[in-house]
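So the structure is just underneath, and the comments pick up after that.
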Amino acid sequence: MSEKRRPAVLMLKDGTRFDGAGIGAPGEVAAEVVFNTAMTGYQEILTDPSYAGQIVTLTYPLIGNYGTTVADDQSRRIQSAGLVIKELAGIRSNFRSDSHLHDYLAGAGVVGIDGIDTRELVLKLRVDGAMNGVLSTEDFDSDSLIAKVNAVPDMNGLDLVPRVTCPTPYRFEPRESYPVRGGETLRVVAMDFGVKRNILELLAAQNMDVTVVPAATPPADIMALEPDGIFASNGPGDPAAVTYAIATLRELAGRRPIFGICLGHQILSLALGARTFKLKFGHRGANHPVRDELTGRVEITSQNHGFCVDPASIPPDVEVTHWNLNDKTVEGFRHNELPLFAVQYHPEASPGPHDSAYLFPRFRELIEGWKTSR
């Protein structure tokens, strides 16, 4: 961070303006502005494909103090459209770090801003809801910026999955980050709506041989891989707009055990006949309390979603298994007859607590039970 800081501006759709200093790359980006309340894990947040098409505001005031390392990337690149923080740390004091956050952003061509009152910004987003904005180090004219914001499409009806899914199928190679469970190796096909690496690592740790396929892969091609189970991943955008994946999961339901996370949870619910809706400002953070109705246990969860399943629309053969204790929204379900279940939150953490890691062995047990009963 040796170069002179450049001015930067964040303009919201309602005309609220924040002036600060640019971090990362110079340039301009327009997208939905959201916030995340996690105290750590900024690199995992930036590389989470669920943030595609969004400018992320971090509520913790000092960001970048432990730098970045390639080992913590959750996907091939930074996925967030931009970054908004209160203060960028001047030094990186961690032995694992291989670059400063500013250089990490700049190397990826991602625009950021610091030096603004993120408390004021987050309060506005909580009161008025997530809204589109433009972040710029080039244009400082308010009228021009507002015109650019008004040209940004609304998140409702927006399919962002094509931006983040893999172009071709591939076999996942784990980094041996976790001890691998014994027993039979199970074949799992992961539908990539924007999957995080640590999800695949935890599937592999359950002794699952994972093949990742593009989101639009037809059901016949998935079944041709002879999977023991199917996984529907997290991802960005409006789930109702991902019509091809809804149709695929509708056809696959009951033919193999299925586990869904985040966008996969929403798409699977739509495939079963439920509806989804957009939350006012979403759930994004690492301390959301969720109750598992099957055990009565409360878990602290990592979350990143702007849409949710409408509980009134859930069909009678589907049981809600998890509820959010903050706002009573649906956080998980299972089918009472078909071998499938899903959760809205991120049990793989990265960042966040590990309270929900039990869901990965639960998926393996579901597959094993289904195979035994055939």
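List of remarks:
- The calculated FRET efficiency for the pair GLU120 and GLU226, based on their C-beta separation and a Förster distance of 35 Å, comes to about 0.05.
- Percent antiparallel among DSSP beta bridges (both partners in the chain, rounded to 5): 60
- Other-chain or far-sequence residues with amide H under 5 Å of GLY24's (modelled H): ALA106
- Here the Debye sum runs over all C-alpha atoms of the stretch 161-373 as equal scatterers in vacuum, and log10 of I(q)/I(0) at q = 0.10, 0.13 Å⁻¹ comes out as -0.37, -0.65.
- Net charge dipole size for the stretch 53-130 [Lys, Arg +1 and Asp, Glu -1 on Cβ; Debye, nearest 20]: 140
- Each of THR185, THR321, THR168, THR47 has some number of other Cβ atoms within 10 Å of its Cβ, and from fewest to most they run THR168, THR185, THR321, THR47.
- For the stretch 1-78, trypsin sites (Lys or Arg not before Pro) are listed when DSSP marks them as loop and at most 16 other Cβ atoms sit within 10 Å of their Cβ; the list is LYS4, ARG5, ARG76, ARG77.
- Between the stretch 21-94 and the stretch 143-197, the alpha-carbon center distance in angstrom: 17
- Note on the stretch 161-373: Lys pairs 8 or more places apart or on different chains, Cα atoms under 26 Å apart, count 4.
- Convex hull per residue volume in Å³, alpha carbons only, for the stretch 7-150: 90
- Per-pair calculated FRET efficiency, R0 = 41 Å: VAL127 and ASN207 via Cβ, rounded to 0.05: 0.30
- Close amide H contacts of GLY53 (hydrogens built in the peptide plane, cut-off under 5 Å, sequence separation of 5 or more or a different chain): ALA81.
Only the coordinates and a few stated rules stand behind these numbers; no lab work does. It should be emphasised that the depicted structure is a prediction, and the values quoted were computed from it without experimental measurement. Positions of Cβ are backbone-derived with ideal geometry, glycine not excepted, and every protein chain shown enters the neighbour counts.
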